[in-house]
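Working notes, beginning with the structure itself.
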Amino acid sequence: MAILPTTIRALARRAFLSRVRYCNSESEAALHIMTPARMVELRCPHCHASHWEIDSDYRGADLAGGVELSYPERDYFCPHCKRTGPGYAVLQKSPPEFFLQPHPRYPMSENDFAYWVEILRQNFPDDPMLADVYKTWRPSGGAGLRRILPAWLRRLLAG
Ligand SMILES: [Zn+2]
């Protein structure tokens, strides 16, 4: 039996909607967007030690029928005192454009990018994005600068 184009469209639509769960229509699904992932340094409310997480300022939980929580309201596991719960204070966050580089509208300087790559290396050494650093993942603001740097310095920055 031949599959009609309308059937194919219906199947594609169902696949799309099952991927963006909780949504009843494409327009609602289009709104279901998290803000870019960021590295966030958080201070534990119990032991006051800090650790890093990769999270989004806005997770879209309210659109999914849940409650959107601010960072202090979210539960995190503290690797120092081994407790899980809310109450974390945000100490610093990577720029929202960091994981989106190279981005034509939100460029990042070579120095800023190198700084945050180092934070990523130190705190998330297994992050798959590190395999692409200075290849497909590089700062859009720094291409011109990198060309004029000496080779030894480029290697150092590329780590
Ligand atoms: Zn702690």
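The values are calculated or read from the model by the stated rules, or taken from the named source; none is laboratory data. Computed from a predicted model, the values in this text were never measured in an experiment. Heads up, the Cβs are rebuilt from the backbone with ideal geometry, glycines too, and the neighbour counts pull from every protein chain shown.
Output the residues belonging to segment 104-118 that are surrounded by fewer than 16 Cβ atoms within 10 Å (Cβ to Cβ) and touching a Ser or Thr at 6+ places or on another chain (Cβ under 7 Å).
Matches in segment 104-118: 104 only.
Counting just the residues of segment 18-52 that are touching a Phe, Trp or Tyr at 6+ places or on another chain (Cβ under 8 Å) and in a loop (DSSP other than H, G, I, E, B), which one comes out modelled with the lowest pLDDT?
32
Looking only at segment 79-99, count every residue that is away from the ligand (no atom under 12 Å from the Cβ) and assigned to a loop (DSSP other than H, G, I, E, B) and tell me the total.
Of the residues in segment 79-99, 5 are away from the ligand (no atom under 12 Å from the Cβ) and assigned to a loop (DSSP other than H, G, I, E, B).
Is it the case that segment 110-120 has a residue that's touching an Asp or Glu at 6+ places or on another chain (Cβ under 6 Å), modelled with pLDDT under 95, more than 16 Å from the ligand (Cβ to nearest atom) and not in a loop (DSSP other than H, G, I, E, B)?
no
Residues in segment 135-159 that are within 24 Å of residue 92 (Cα to Cα) and modelled with pLDDT of 75 or more: how many?
The total comes to 5.
So how many residues does segment 35-49 have that are buried (at least 16 other Cβ atoms within 10 Å of the Cβ), more than 9 Å from the ligand (Cβ to nearest atom) and not aliphatic (A, V, I, L, M)?
Total meeting the criteria: 3.
Taking only segment 53-78 into account, find how many residues are within 16 Å of the ligand (Cβ to nearest atom), surrounded by 12 or more Cβ atoms within 10 Å (Cβ to Cβ), in a loop (DSSP other than H, G, I, E, B) and over 17 Å from the mean Cα position of the chain (by Cα).
1
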